[in-house]
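Working notes, structure below.
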Amino acid sequence: HHPHPGGGRPRQRQDALHQRRPQSGSPRHGRREGRRDAAERPAPGAPLRKHMSALNRLKEQGKIRAIGVSNFSRSQLAEASQYGRIDSLQPPYSLFWRQVEQDAMPYCVEHNISIIAYSSLAQGLLTGKFGREHKFQEGDHRSKNKLFNGDNYQRAQQALAQLRPIAERHQCTLAQLSLAWLMSQPQTNAIAGFRNSAQAIQNAQAVEVKLSADELQDIDQIGRLVTDHLDDNPVMWNF
């Protein structure tokens, strides 16, 4: 599924969860009758005016329905918006990685831009499958992820321990609980990775988890056990 062309939250909550299989191509581009639902410029860096002009022409010609960007800051969104309507932003965003809330999210809410979160399960950390003593091999990209190193990793384990009773109360997995919280945030949809059909089905069931306002606040505070100790650097990798 793809963001509604008008931006914002899709009409059906079932559309709020995008599934991504690791070995497949980009999930952002959906072909239907020769038209793409969204065209996303991969990352900041190249001249915005040139790219936005080209994308706007495609949109005016009906060849794409929406324009999205990835990893843009608030200032980059504002600059790009001078040259055309931005329909969606794709940032890294999860209960354990929330820099977008302080930077781009207020702009997205104000201008009705959909937020399509990637790394929505923090590279698998929010599934709870990695224990306190888990050792990541040098070739595993997680070994370079700030959340999987040192005190951040131990604080994440403490947070997961506090999330488990809430998940048990809802008879759902930690992943489903984390996705349900994420999809309750302003303007936010989620991309969730999966390796098999069972995982895809489990992820999709996150839309059935109904969290009360108190529970959302509790989960928010638990997540801050991790995020309050992170700096403002939006890059989660130590490459």
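When the criteria are applied in full, LEU147 fails the requirement of being in contact (Cβ under 8 Å) with a residue 12 or more places away in the chain, touching a helix residue (DSSP H, G or I) at 6+ places or on another chain (Cβ under 8 Å), assigned to a loop (DSSP other than H, G, I, E, B) and under 29 Å from GLY68 (Cβ atoms).
Whether any residue in the range 45-65 is modelled with pLDDT under 60 and surrounded by fewer than 18 Cβ atoms within 10 Å (Cβ to Cβ) is what I want to check. Yes, some residue in the range 45-65 is modelled with pLDDT under 60 and surrounded by fewer than 18 Cβ atoms within 10 Å (Cβ to Cβ). Here ILE222 meets each of (1) outside any helix (DSSP H, G or I); (2) over 14 Å from LEU121 (Cα atoms); (3) touching a residue at least 40 places away in the same chain (Cβ under 8 Å) with one exception, condition (1). The set of residues in the range 150-179 that are without any contact (Cβ under 8 Å) to a residue 40 or more places away in the chain, in contact with a helix residue (DSSP H, G or I) (Cβ under 6 Å, 6 or more places away or on another chain) and either closer than 13 Å to ALA117 by Cβ or not small (Gly, Ala, Ser) (or both) contains only GLN176. Selection of the range 112-131 for residues being among the hydrophobic types (A, V, I, L, M, F, W, C), touching a Gly at 6+ places or on another chain (Cβ under 8 Å) and modelled with pLDDT of 95 or more yields ILE113, ILE116, LEU121.
Note on the range 43-92: residues that are small (Gly, Ala, Ser) and either within 21 Å of VAL109 (Cβ to Cβ) or part of a strand (DSSP E or B) (or both) amount to 11. Among the candidates ALA167, ALA80, ALA159, the residue that is more than 17 Å from ILE222 (Cα to Cα), small (Gly, Ala, Ser) and surrounded by 14 or more Cβ atoms within 10 Å (Cβ to Cβ) is uniquely ALA80. Quick check: is even one residue across the range 96-118 in a helix (DSSP H, G or I) and at positive phi? Checked the range 96-118: no residue is in a helix (DSSP H, G or I) and at positive phi.
The values are calculated or read from the model by the stated rules, or taken from the named source; none is laboratory data. These numbers were taken from a predicted model, which means no experiment stands behind them. Virtual Cβ from ideal backbone geometry, glycine too; neighbours counted across all protein chains shown.
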